[in-house]
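See structure below.
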Amino acid sequence: MSANRPAQFLIVILCVLLLPGCVPKKATDEVDFGTVEKSVYRNKYFGFSLTLPSEWSVQDQEAKQRLSEMGGKLMAGEDRRMKNIVKASEHRTINLLTAFKHPLGTPVRFNPSVICLAERVGNFSGIKSGKDYHAHGRKLMESSQMPITFAQDLTVEKLGGIDFDVMHGSIAAGGLTVQQKYYAAVMKDYALVFITSFNVPEQQSALQNILGTVAFK
């Protein structure tokens, strides 16, 4: 196992904020997973596209599921309550896109990534913005098995002309301190979330360039 692999598993689960409770129908009944063609990801339901560098490694549905399952186990540990929350989240959350700079298993110190998720929040009346969504997620993640810390204040950044609330966090894993940015905006009864994970400023800059390609119709 490469040194960065545990961090990858944690990163995939990290922003599935796992709101307690249940939703009547699965999110996948109404939201499409999207498609990737010539390094361009497109999602019809949310009406946006994102362009990846051609050399980046996009994960298929099987790989995304495997990573999420492993991340969920690391997040919950032996905590039965957390295991139940992770299980319940499967009906609300869709991993729309997971892409790494290098194929998984490449022997690099850290493999930067960008992830896009959608979590159904329409039944939770208190969640009207990305800020609300982050408040719930932060509380839950801080109670998990992960050694994660967050900056005190949120920031706001525009992606494709839309304001996203941004939560800044870091996690110690695999002998590294991984920096993360969690972008969230509520639309169409969902929280649309982008996560970038990086270890050095050069990786952060490359990820910012990727998010700079986000375009909404």
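The values are calculated or read from the model by the stated rules, or taken from the named source; none is laboratory data. Every value quoted in this text rests on a predicted model; they were computed, and no experiment measured them. Here the Cβ is made from the backbone with ideal geometry for all residues, glycine too, and neighbour counts use every protein chain on show.
Residues in segment 191-205 that are in contact with a strand residue (DSSP E or B) (Cβ under 8 Å, 6 or more places away or on another chain) and either farther than 13 Å from LEU96 by Cβ or surrounded by fewer than 23 Cβ atoms within 10 Å (Cβ to Cβ) (or both): 5 in all. Within segment 115-131, the set of residues being touching an Asp or Glu at 6+ places or on another chain (Cβ under 7 Å), modelled with pLDDT of 90 or more and part of a loop (DSSP other than H, G, I, E, B) comprises just one member, SER129. Checked against (1) within 20 Å of PRO53 (Cβ to Cβ); (2) in contact (Cβ under 8 Å) with a residue 60 or more places away in the chain; (3) in a strand (DSSP E or B), GLN203 passes all but a single condition, namely (3).
Summed over segment 162-217, the residues that are of a type in the set (D, E, K, R) and under 18 Å from PHE33 (Cα atoms) give a count of 3. Taken over segment 185-200, the criterion of being under 15 Å from the mean Cα position of the chain (by Cα) and in contact (Cβ under 8 Å) with a residue 60 or more places away in the chain is satisfied by VAL186, TYR190, ALA191, LEU192, VAL193, PHE194, ILE195, THR196, SER197, PHE198.
Flag set for THR177, criterion: surrounded by fewer than 17 Cβ atoms within 10 Å (Cβ to Cβ), of a type outside the set (A, V, I, L, M) and either part of a strand (DSSP E or B) or out of contact with any Lys or Arg (no Cβ under 7 Å at 6 or more places or on another chain) (or both). Kindly indicate the residue of segment 96-105 that is at pLDDT 90 or above and assigned to a loop (DSSP other than H, G, I, E, B) and also farthest from LYS181 (Cα to Cα) among those meeting that condition. For segment 96-105, the residue satisfying everything is PRO103.
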